[in-house]
Structures are given as C-alpha cells and as structure tokens.
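Only one structure is covered here, and it is reproduced in the block below.
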Amino acid sequence: MSGTLKIRVDQEKCQGHARCKSLAPELFNLDEYGNAHEVGDGTVPKGLEDKAWLAQTNCPEFAIDVTEE
C-alpha cells in the first residue's frame, strides 16, 4: 500500500456508538450528539493506517469508508 488513506463517516449511517473515537481518537471527533466525524479532511497520517482499518472494522453501522488515494 503506497497511497494515502482517507476516511469518511457517512452521517446517514452513524448512530453515535463512538467505537471509532475510542479506537482511533486521532482520526475522529464527536459532535454534540455523539456522532463521529473525520478529523480535518479525513487524511490518515502515516503510522495510523492500522487504526483507520480497525475503526472501520469495528463500526456496527458500517458508517466508515476507508479509501486509498
């Protein structure tokens, strides 16, 4: 994997379980309702790729997309 990873949280699917925030606090913020949002533009910093995949895998609503650019 040589490209940069990006994450995106689908706001229609997110139910506020906050598993992503607990697993990868560097990549996600929570809004006032507890729903997750990607930090910044969603670019995953080098060294945090495993946390992005872990957050996606543990989302019960399948609301996190991880893509390689």
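The values are calculated or read from the model by the stated rules, or taken from the named source; none is laboratory data. Because the structure is a prediction, the values reported are computed rather than measured. All accessible areas refer to the heavy atoms of the entire protein, side chains included, with ligands and DNA or RNA removed. Shrake-Rupley method; radii C 1.70, N 1.55, O 1.52, S 1.80 Å.
At a 1.4 Å probe radius, carbon and sulfur cover how many percent of the accessible area of the chain? The C+S portion of the solvent-accessible surface of the chain is 49 percent.
Helical runs (DSSP H, four residues minimum) scored at -39500 (n - 2.57) apiece and divided by the length of the chain put the mean residue ellipticity at 222 nm at -5500 deg cm²/dmol. If you roll a 1.4 Å probe over the heavy atoms of the protein chains, what accessible area per residue do you get for the chain, in Å²? With all protein chains present, the chain gives 62 Å² per residue.
Computed from the alpha carbon positions, the gyration tensor of the chain leads to an equivalent ellipsoid with semi-axes of 19, 11, 11 Å, biggest first. Counting only protein heavy atoms and using a 1.4 Å probe, the accessible area of GLU69 comes to about 130 Å². Run the 1.4 Å probe and let me know the accessible area of VAL39, rounded to the nearest 10 Å². Roll a 1.4 Å probe over it and VAL39 shows about 60 Å².
When the surface is traced with a 1.4 Å probe over the full set of protein chains, THR43 keeps roughly 60 Å² accessible. Straight Cα distances below 24 angstrom link LYS13 to the lysines LYS21, LYS51, with same-chain residues fewer than 8 positions distant left out.
Sequence neighbours fewer than 8 away in the same chain don't count; with that in mind, list the aspartates and glutamates whose C-alpha is under 15 Å from LYS6. Cross-link targets: GLU26, GLU38, ASP41, GLU49, ASP50, ASP65, GLU68, GLU69.
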